[in-house]
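Accompanying notes for the structure given below.
The values are calculated or read from the model by the stated rules, or taken from the named source; none is laboratory data. Source: prediction; values computed, not measured. Every residue, glycine among them, receives a Cβ derived from its backbone with ideal geometry; neighbour counts consider all protein chains shown. All accessible areas refer to the heavy atoms of the entire protein, side chains included, with ligands and DNA or RNA removed. Shrake-Rupley method; radii C 1.70, N 1.55, O 1.52, S 1.80 Å.
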Amino acid sequence: MSVHGPLGVAETGAVEITTRTIDARARSLRDQAGLLGIAGLILTTLLVAVGAANTDALLPESVRPVPSWLAGPLGSTGIGLGNGGLILVLVVMFGSYVVAVHAADRLSARTVLMCIAAIHALVLLAPPLLSTDVFSYQFYGRMGDLYGANPYLAGPHALALDPLFPYIGAKWVNTPTVYGPLFTALSYVLAPLSIAASALAYKAIAACASLGTIAFVWHAARLRGINPVKAAALVGLNPLVVVYGVGGGHNDLLMMLPLMAGVYLVLAHRERAGSAVMVSAAAIKLTAGVMLAFAIASGGGRRARDRRREVLTGAAAAAALIVGLAFAWFGVGPIHLFSTVQKVQSEGDWHSIPGFLGARLGSSVGHVAGIVLGAAFVALCCWLLRRVWRGHLDWIDAGAWTAAALLITASSLLPWYVAWLIPLAALATDRRLWRVAIITTGVVQGIQLISYIPHGTTFLGL
């Protein structure tokens with residue numbers, strides 16, 4: 001019978017109704033999955049915050065067990081996760097993140113933003129998590145502000161009698177600061193605080209910087225025609241950014257704030273201000289300087305030359321000002337920053353490819369692997385810069401690919417370094433970068449979980 005007859009029309013209509021019903025159910029399931037992901041993130045973050053003080057794997061090695069004055073308002077709950085419980089919580093947290101990001105375009109902006117604020121607040125209430133860096137930050141400030149020593153020329157061991165010294169990580173006791181002059185100046189301002197107040201201050205700075213970064217990502221996403229809710233979810237709900245970055249009070253998040261502010265300003269055609277702000281990001285941590293190169297290379301069309309001149313003008317002015325202030329405040333000390341960073345990177349850790357090869361096959365193998373991967377990274381950067389200069393590749397996409405490559409080739413890979421990639425991936429027009437960001441988060445989190453398993457590294461031959 002012809003489909004154009006009465007029965008054929010009825011059959012066609014029935015198929016259309018069935019299809020709409022299936023689509024409606026699929027959308028409903030996706031909405032429910034998104035809310036389930038949000039609930040999972042809040043619940044697992046709450047468990048981390050409540051159980052941190054009694055879970056050694058969540059605490060820096062120098063504060064196990066954590067003293068009551070450093071445990072925070074949730075430290076007296078008496079709840080501990082144990083290694084097995086912690087692994088389960090972090091696995092569920094990552095799964096919830098993937099689900100929430102995937103369904104973010106079906107969630108309201110209010111739901112996503114409230115979840116971001118909630119998990120940041122919960123982590124802020126916990127004791128310092130997983131890293132001794134917050135104590136190093138304060139010690140470098142105390143060296144200069146209280147003792148008149150130059151933190152670019154000597155490590156904390158020079159003042160081993162200071163009451164803060166026992167809290168410094170073993171790797172850093174002999175290492176001068178590896179941070180830029182703007183951040184070191186900030187550490188001078190915070191130096192008079194007590195140990196507990198200082199740790200809370202650095203965590204609060206990291207939390208505010210993370211939220212500020214999300215705000216700039218939101219506005220930049222709108223300028224690029226990207227769903228701002230989904231972009232904000234990718235950044236603000238990321239477990240490594242929140243638990244490791246905010247929880248550890250790491251200055252990588254403070255670095256990303258002016259970097260993403262600069263990206264937004266450049267997108268808004270305020271090139272001088274944007275590049276100047278990017279230079280200030282590099283003055284917090286040198287890693288941010290890579291993105292400035294892509295901002296300079298970007299362009300295209302008749303306005304490219306004028307645009308590049310504006311970017312260079314703003315960057316040069318800001319660099320001259322910061323360099324002048326750095327020499328006035330720290331003398332020639334910052335000149336040693338580059339060699340110190342190189343030395344720290346050469347030491348590596350087993351979480352990175354060169355570090356793992358060095359620990360497994362010998363330091364000479366790891367050293368050679370580090371050189372080869374470093375050369376590959378430089379070659380990739382040059383290739384990406386060339387493509388951006390010629391107008392064949394978007395400059396933010398190129399910056400995101402570079403950040404991903406840096407994580408792969410670095411001799412030292414720490415979980416909060418993922419913050420270098422996530423905000424750039426959120427603004428990428430190449431959607432593969434969204435998958436790369438999520439996969440990278442999962443891989444880095446998985447590597448960390450190995451260290452939470454008793455004798456887990458022995459299975460790797462380390």
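Would you mind calculating the relative contact order of the stretch 149-188 from Cα pairs under 8 angstrom and at least 6 residues apart, reporting the percent as a whole number?
48 percent
Using mean Cβ contacts within 10 Å as the protection proxy, how do 243-250, 193-200, 254-261, 393-400 order, highest first?
Result, highest mean first: 243-250, 254-261, 393-400, 193-200.
If you place +1 on the Cβ of every Lys and Arg, -1 on the Cβ of every Asp and Glu, and leave all else neutral, what size is the dipole of the stretch 199-281 about its Cα centre, to the nearest 20 Debye?
Roughly 200 debye, rounded to the nearest 20.
If the convex hull of the alpha-carbon atoms of the stretch 64-114 is projected onto planes in all directions, what is the mean projected area in square nanometres?
One quarter of the hull surface, i.e. the mean projection, equals 5.2 nm².
Taking only C-alpha pairs under 8 Å that are 6+ residues apart, what is the relative contact order of the stretch 182-295 in percent?
27 percent
Give me the percent of accessible area attributable to carbon and sulfur for the chain, probe 1.4 angstrom.
That fraction is 67 percent.
Which value at 222 nm does the chain reach when only helices count, each DSSP H run of 4 or more adding -39,500 (n - 2.57), with the total divided by all residues and rounded to the nearest 500 deg cm²/dmol?
Estimated from H runs of four or more residues: -21500 deg cm²/dmol.
For K171, give me every one of the lysines with a C-alpha distance below 22 angstrom, ignoring sequence neighbours fewer than eight places off in its own chain.
K203, K285, K343
Among the complete DSSP H segments of the chain, which ones combine at least 27 Å of alpha-carbon extent along their axis with a mean Kyte-Doolittle hydropathy of -1.0 or more?
6-51, 82-102, 195-223, 304-330, 363-389, 432-452
Pop the C-beta distance of T429 and A160 into the FRET formula with R0 = 41 Å and round what comes out to the nearest 0.05. Walk me through the numbers on the way to the answer.
Working: r = 52 Å, r/R0 = 1.26.
After rounding, the FRET efficiency stands at 0.20.
Would you mind calculating the relative contact order of the chain from Cα pairs under 8 angstrom and at least 6 residues apart, reporting the percent as a whole number?
14 percent
Can you give the accessible area per residue of the chain, in Å², using a 1.4 Å probe?
Dividing the accessible area of the chain by its residue count gives 43 Å².
Here are some values of percent of Cα pairs over 35 Å apart: (1) 34; (2) 49; (3) 63. Which one was computed from this structure?
Comparing each candidate, only (1) matches the computed number.
Efficiency by 1/(1 + (r/R0)^6): what FRET value for W329 and A109, r their Cβ-Cβ distance, R0 = 35 Å, to the nearest 0.05?
Details: r = 42 Å, r/R0 = 1.20.
Computed FRET efficiency for W329 and A109: 0.25.
Could you give the C-alpha radius of gyration of the stretch 113-225 expressed as a fraction of 2.2 N^0.38 Å, taking N as the number of residues it contains?
Normalised Cα radius of gyration, the stretch 113-225: 1.24.
Rounded, prolate or oblate: pick one for the stretch 184-317, where a ≥ b ≥ c are the square roots of the eigenvalues of its C-alpha gyration tensor, a/c under 1.5 means rounded, and failing that, prolate if a/b is larger than b/c, else oblate.
oblate
Need one number: nm distance between label points at V443 and L286, each 7 Å from Cα along Cα→Cβ, rounded to one decimal.
2.5 nm
Based on Cβ point charges of +1 for Lys and Arg and -1 for Asp and Glu, what charge dipole magnitude is obtained for the stretch 76-208 about its Cα centre, in debye rounded to the nearest 20?
Computed about the Cα centre, the dipole is about 220 debye.
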